[in-house]
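Presented below is the structure to which this report refers.
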């Protein structure tokens, strides 16, 4: 199986573009490992190699995916996450513990975090809602990527926009826990969650923002109200 991983690494090195590598690094505050390969190219590579491994067991594909995650490169993580997401119909209730371990151990920037949460964790908690309490508990983690994940995991893609169908009890509980978080990427994460929740119920999110706007960091507040009408935005932004 290591041959597959080595071949992927070899191809990624061949696709390396210096300008793309510089651009990739500009998106992140933290140091990132990147080959400098555009995402559409990486996704095509992931699909091509998945055809070669789809006959394998779920467990073996998970092992290959973890090997890619261990490399630390953004593009390798993209491939790993794409493969695991393709297996969502085969997830068992116990797979959550594997995903939680990966999230804590290998996810080290917002790009990997969001990709993993949207395409792996969210489908998992839709299949097995009993794990929602665990996701909410990440809001107390020392690991900022777990804290961001506690919010982003409630977001899903619906058509061309992001939304959440989860209960406001869960969403507001996570927002309460993250309300005063010092990390701006965590603030953006829960602000994004609130914005996504506003797609289905703008009033409840607006009321929540108004109750907390004196304490809520402006970064989170701006994200939360982004889809609201100008009049409501103005009210929310008034000090």
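The values are calculated or read from the model by the stated rules, or taken from the named source; none is laboratory data. The structure presented is a predicted model; accordingly, all values stated were derived computationally and were not measured. All Cβ positions, glycine included, derive from the backbone under ideal geometry; neighbour counts span all protein chains shown.
Values as computed for the structure displayed
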| item | result |
| --- | --- |
| Test: residue in the stretch 45-64 that is within 17 Å of the chain's Cα centre (by Cα) and either modelled with pLDDT of 95 or more or surrounded by fewer than 15 Cβ atoms within 10 Å (Cβ to Cβ) (or both) | no |
| Residue tally, condition under 21 Å from the mean Cα position of the chain (by Cα) and either within 21 Å of residue 239 (Cα to Cα) or at pLDDT 95 or above (or both), over the stretch 194-204 | 2 |
| Which numbered condition residue 126 misses (of (1) under 18 Å from the mean Cα position of the chain (by Cα); (2) surrounded by fewer than 17 Cβ atoms within 10 Å (Cβ to Cβ); (3) at pLDDT 95 or above) | (3) |
| Residues satisfying the stated conditions in the stretch 16-51, i.e. assigned to a loop (DSSP other than H, G, I, E, B) and within 17 Å of residue 71 (Cα to Cα) | 16, 30, 31, 32, 34, 35, 36, 37 |
| Qualifying positions in the stretch 154-187 - in contact with a helix residue (DSSP H, G or I) (Cβ under 6 Å, 6 or more places away or on another chain), modelled with pLDDT under 95 and in a loop (DSSP other than H, G, I, E, B) | 154, 155, 164 |
| Residue identified as closer than 22 Å to residue 127 by Cα, in contact (Cβ under 8 Å) with a residue 40 or more places away in the chain and in a helix (DSSP H, G or I) among 89, 60 | 60 |
| All helices (runs of 4 or more DSSP H) inside the stretch 111-153 with 1 or more residues being under 21 Å from residue 39 (Cα atoms) | 144-152 |
